[in-house]
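Asker: Got a structure for you, questions after.
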Amino acid sequence: MSEMIKISLPDGSVREMQAGATPADVAAAIGPGLAKAALAARVNGELRDLARPFEGDAELALVTARDEKDALELVRHDYAHVLAEAVQNLFPGTQITFGPATEDGFYYDFAPAPGRGPFTDEDLPAIEEEMRRVIARDAPLVREVWSRDDLIAYFREQGESFKAEWAAELPEGEELTVYRAGDWLDMCRGPHLASTGKLDPQAFKLTRVSGAYWRGDQKNPMLSRIYGTGWLNKKQLQEHLVRLEEAAKRDHRKIGQEMDLFHLQSEAQGSVFWHAKGFLVWRQLEAYMRRKLDAAGYEEVKTPQLMDARQWEQSGHWGKYRENMFIVPDEIPGTDDDAPVLSGDADLMALKPMNCPAHVLIFRQGIKSYRDLPIRMAEFGCCHRNEPHGALHGIMRVRQFTQDDAHIFCREDQLVGEIVAFCDLLDGIYRDLGFSDYAIKLALRPENRFGDDAMWDKAEQILRDAVQAAGRATAEYGWEELPGEGAFYAPKLEFHLKDAIGRTWQVGTIQADTVLPERLDASYVGEDGERHRPVMLHRAILGTFERFIGILIEHHAGRFPMWLAPVQAAVATIVSDADDYAREVAEKLRAAGIRVETDTRNEKINYKVREHSLAKVPYLLVVGKREAEEGTVALRPLGQDARQEVLGLDAVVARLRAEALPPDLRG
């Protein structure tokens, strides 16, 4: 009698199967419907192919299209492989490199055949058609384990120098797997669907081509990266394309230029030139945040931009972040002709990429007692990170940025209460700014980290306890744990906003850190008279002002809430006889604190209405000869469906003044 193994299913039942059975066999034993619907399997928590045999007794959860997160990652990975096969079919001599799934699709990096030149967007339609032919062939995707030497030899024989290089650098003893589709194969860890025909040929679209350096290093050859978006079915794809179209209309770079908020240029790569109107939005947001922090008991500080490399070494950032830091050599006076002399490596300085070490240095000034805690230290700190040129994106990802940063130094017994208070503060701010829908994620320990497992166990549990105490560890708040996503010094809570068109943005964060206070020797005197280490809570709500303003622009499509709008009202005349009255109206509004412009140009009123609508001005006040005589205003809110009202001037001033109040100052 053959050996039997036990397979435990999510409903608690156990099935006995013959040794060598696969998840596909279990699905078929349960029923033909499940056998057809199954895409992959989780075996003891690991996502695997349906055809991969069990090694022994196991826990099994079959993955279907209903398990959307796993299903989408699977199909996107498969689309990437199909893309690579299609490109090599159409363009012999093309070398393949890497092709991962992404948040909403996939990409693959190719080295075009010598003399062919890089791929372009004009190549995409033909590649799409070839991808559909590959899918239609419905070739089984077969997992094979190869020896290291055989795999390297195969790739070299095929002229795949990039793959051969990568295989040669993988750790000795690591299992090397390839996936074969007919005669075509690629080195890959998997998993994959059972065959290419499991993909919907109408549920993907190639979107663009860009350049990318091999392994992200500009010293290496430039490759052609082909991007695509992939989904489970055509309906999902169409919905995504509509979102992309809407996102293009809301692009903060386009709206920022139309509204004269900011610009970017090559003379300051990764830094923002804020224009007067854009900086008005910044100032309003900063003033609002400052009032909220003052009310929550934070103390605002300001710390240096440049700090000695030894400080960054001690904090641990030098080893982890040096390649992303702007390094400045310290200079000492010269002896000949007053020429400066550069000192050694120990005397290098760096522009700060973050504020936390400097806040510890402030905390260390003077003796702190347990009675002094918690100390909530806030800073709108300007930081610099040397992001690669290719990673920069408008004001969303920049090199110079300002964080709404704060650090809370507290005792262990204060942790849960402080995190709950932070969650409440964050919730109120997000709702004030128009984001009532957000999710909370717990990012757990990464592989490369400081501290021992006991420290991480404790820090992670504290964050869980705090979110539960705040009543937010629920499906309503999208509660989820993310293995391996924590910072190198601490686990963290992440807050993901959902915007008006359904996109999510990771913005706020809070981290419970015991490593940095230890490394920088921060302490307080406890009730027992002994020195103790404080716990340091790193926290941000907006993340950075630059990125958050970009998110606000796209969320509101430039139609800021009135209190944030750079211009809150425009007074436009119908005839020149009303010019003096328009100026009188504007002065009354200005005296009431309204940011107002006057438009007395010799243009038709419809032209003025259109122009101020494009500028996203919340209110247009139209005045003519009749309004001047009667002391009234034709009030026109922004929007195609807005109803125009004729009101007395005092009533208009009172209404706009009330609407222009920031949310925290309203009664």
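Asker: Filter segment 466-481 down to residues that are under 14 Å from PHE495 (Cβ atoms), under 21 Å from the mean Cα position of the chain (by Cα) and touching a residue at least 40 places away in the same chain (Cβ under 8 Å) and give me whichever is least open to solvent (accessible area, probe 1.4 Å).
Answerer: That would be GLY478.
This table checks each residue for (1) at positive phi; (2) in contact (Cβ under 8 Å) with a residue 40 or more places away in the chain.
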{"site": "LEU9", "(1), (2)": "no, yes"}
{"site": "GLN18", "(1), (2)": "no, no"}
{"site": "VAL26", "(1), (2)": "no, no"}
{"site": "GLY45", "(1), (2)": "yes, no"}
{"site": "VAL63", "(1), (2)": "no, no"}
{"site": "GLU73", "(1), (2)": "no, no"}
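Asker: While we're here: Might you check whether a residue that is under 33 Å from the mean Cα position of the chain (by Cα) and within 20 Å of ALA194 (Cα to Cα) occurs anywhere in segment 103-115?
Answerer: yes
Asker: Please count how many residues of segment 35-49 are open to solvent by less than 20 Å² (accessible area, probe 1.4 Å) and hydrophobic (A, V, I, L, M, F, W, C).
Answerer: The total comes to 4.
Asker: Can you name every residue in segment 363-375 that is open to solvent by 60 Å² or more (accessible area, probe 1.4 Å) and in contact (Cβ under 8 Å) with a residue 12 or more places away in the chain?
Answerer: ARG364, ILE367, ASP372
Asker: Moving on to the next point. On the basis of being crowded, with 18+ Cβ neighbours inside 10 Å, in contact with an Asp or Glu (Cβ under 7 Å, 6 or more places away or on another chain) and not in a loop (DSSP other than H, G, I, E, B), does LEU415 make the cut?
Answerer: For LEU415, the condition - crowded, with 18+ Cβ neighbours inside 10 Å, in contact with an Asp or Glu (Cβ under 7 Å, 6 or more places away or on another chain) and not in a loop (DSSP other than H, G, I, E, B) - is not met.
Asker: Also: Within segment 613-634, identify whether any single residue is within 22 Å of GLU258 (Cα to Cα), surrounded by fewer than 21 Cβ atoms within 10 Å (Cβ to Cβ) and either without any contact (Cβ under 8 Å) to a residue 12 or more places away in the chain or among the acidic types (Asp, Glu) (or both), and answer yes or no.
Answerer: Among the residues of segment 613-634, not one is within 22 Å of GLU258 (Cα to Cα), surrounded by fewer than 21 Cβ atoms within 10 Å (Cβ to Cβ) and either without any contact (Cβ under 8 Å) to a residue 12 or more places away in the chain or among the acidic types (Asp, Glu) (or both), which makes the answer no.
Asker: With LEU542, LEU537 as the choices, which residue is closer than 17 Å to MET455 by Cα and not in a helix (DSSP H, G or I)?
Answerer: LEU537
Asker: Right, next: Keeping to segment 86-129, report how many residues are modelled with pLDDT of 95 or more, open to solvent by less than 40 Å² (accessible area, probe 1.4 Å) and farther than 25 Å from VAL178 by Cα.
Answerer: 3
Asker: Sticking with this structure for a sec: So, in segment 383-399, how many residues would count as being part of a strand (DSSP E or B), in contact with a Leu (Cβ under 9 Å, 6 or more places away or on another chain) and open to solvent by 10 Å² or more (accessible area, probe 1.4 Å)?
Answerer: Qualifying residue count for the region: 1.
Asker: Does LEU589 fit the bill of being in contact with a Phe, Trp or Tyr (Cβ under 9 Å, 6 or more places away or on another chain) and among the aliphatic types (A, V, I, L, M)?
Answerer: Considered against the rule, which asks whether it is in contact with a Phe, Trp or Tyr (Cβ under 9 Å, 6 or more places away or on another chain) and among the aliphatic types (A, V, I, L, M), LEU589 comes out as no.
Asker: Could I ask something else about it? Give the residue, chosen from LEU638, LEU661, LEU656, that is in contact with a Pro (Cβ under 9 Å, 6 or more places away or on another chain), surrounded by fewer than 19 Cβ atoms within 10 Å (Cβ to Cβ) and touching a residue at least 40 places away in the same chain (Cβ under 8 Å).
Answerer: Sole residue among the options that is in contact with a Pro (Cβ under 9 Å, 6 or more places away or on another chain), surrounded by fewer than 19 Cβ atoms within 10 Å (Cβ to Cβ) and touching a residue at least 40 places away in the same chain (Cβ under 8 Å): LEU638.
Asker: Would it be correct to say that ALA358 is small (Gly, Ala, Ser) and under 30 Å from ARG531 (Cα atoms)?
Answerer: yes
Asker: Select, from GLU485, GLU518, the only residue that is assigned to a loop (DSSP other than H, G, I, E, B) and either at pLDDT below 90 or surrounded by fewer than 19 Cβ atoms within 10 Å (Cβ to Cβ) (or both).
Answerer: GLU485
Asker: Moving on. From GLU267, GLU313, GLU286, which residue is closer than 30 Å to VAL515 by Cβ, open to solvent by 30 Å² or more (accessible area, probe 1.4 Å) and in a helix (DSSP H, G or I)?
Answerer: GLU313 is the lone residue from the list that is closer than 30 Å to VAL515 by Cβ, open to solvent by 30 Å² or more (accessible area, probe 1.4 Å) and in a helix (DSSP H, G or I).
Asker: Going through segment 24-55 one residue at a time, which ones are part of a loop (DSSP other than H, G, I, E, B), in contact with a strand residue (DSSP E or B) (Cβ under 6 Å, 6 or more places away or on another chain) and farther than 18 Å from VAL142 by Cβ?
Answerer: ASN44
The values are calculated or read from the model by the stated rules, or taken from the named source; none is laboratory data. Small disclaimer: the values here were computed from a predicted structure and weren't measured. Glycine gets a Cβ as well: all are built from the backbone with ideal geometry, and neighbour counts include every protein chain shown. Surface areas here come from the heavy atoms of the whole protein model, side chains and all, with no ligands, DNA or RNA. Shrake-Rupley method; radii C 1.70, N 1.55, O 1.52, S 1.80 Å.
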